[in-house]
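Pasting in a structure now, in structure tokens, and then I'll have a few things to ask.
Since every read-out is calculated from the coordinates, none of them should be taken as a lab result. Fair warning: this is a prediction, and the values are worked out from it, not measured in the lab. A quick note on method: Cβ atoms are made from the backbone with ideal geometry, for glycine too, and the neighbour counts reach across all protein chains shown.
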Amino acid sequence: MEIVVVPPPGMFPKAAHEEWTDGAILAAEKGLSPEQRALLQRAAAHPARDEFARLAHAKEADVYGAILKLPLTAPLHPTEYP
């Protein structure tokens with residue numbers, strides 16, 4: 001099941017240079033509509049949320065360690081890295 005969390009244009013009013021999440025924070029201050037609340041609940045339930053939350057607090061990240069399937073079955077040349 002794919003969880004898509006992209007609000008329709010205008011759901012969370014924001015400045016052109018801002019992300020929709022900035023608009024969501026401002027909207028929450030004024031009170032959320034049922035549609036806004038439902039979208040934020042879907043965002044909070046996204047399966048990657050826990051991984052991103054851990055990453056957000058990490059002092060550093062081992063990106064290749066996270067994306068390479070280990071143990072390697074053959075040596076990797078630098079041009080073969082994802």
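Considering the dipole of the chain built from charges on the beta carbon (Lys and Arg +1, Asp and Glu -1) around the Cα centre, which of Ala44, Pro7, Leu68 is farthest to its positive end?
Checked the options; the winner is Ala44.
Which of His57, His46, His17 moves the most in a Gaussian network model of the chain with Cα springs under 10 Å?
His17
Relative contact order for the chain using alpha-carbon pairs under 8 Å, separation at least 6, rounded to a whole percent?
That works out to 22 percent.
If you place +1 on the Cβ of every Lys and Arg, -1 on the Cβ of every Asp and Glu, and leave all else neutral, what size is the dipole of segment 20-80 about its Cα centre, to the nearest 20 Debye?
Here the size comes out at about 200 debye.
Which trypsin sites (Lys or Arg not before Pro) in segment 1-69 sit in a loop by DSSP (not H, G, I, E or B) and have at most 12 other Cβ atoms within 10 Å of their own Cβ?
Sparse-neighbourhood loop trypsin sites (Lys or Arg not before Pro): Lys59, Lys69.
Further, regarding this structure: For Glu18 and Ala61 in one chain, what is 0.36 nm times their gap in residues minus the Cα-Cα distance, to one decimal in nm?
Separation in residues times 0.36 nm, less the Cα-Cα distance, equals 12.9 nm.
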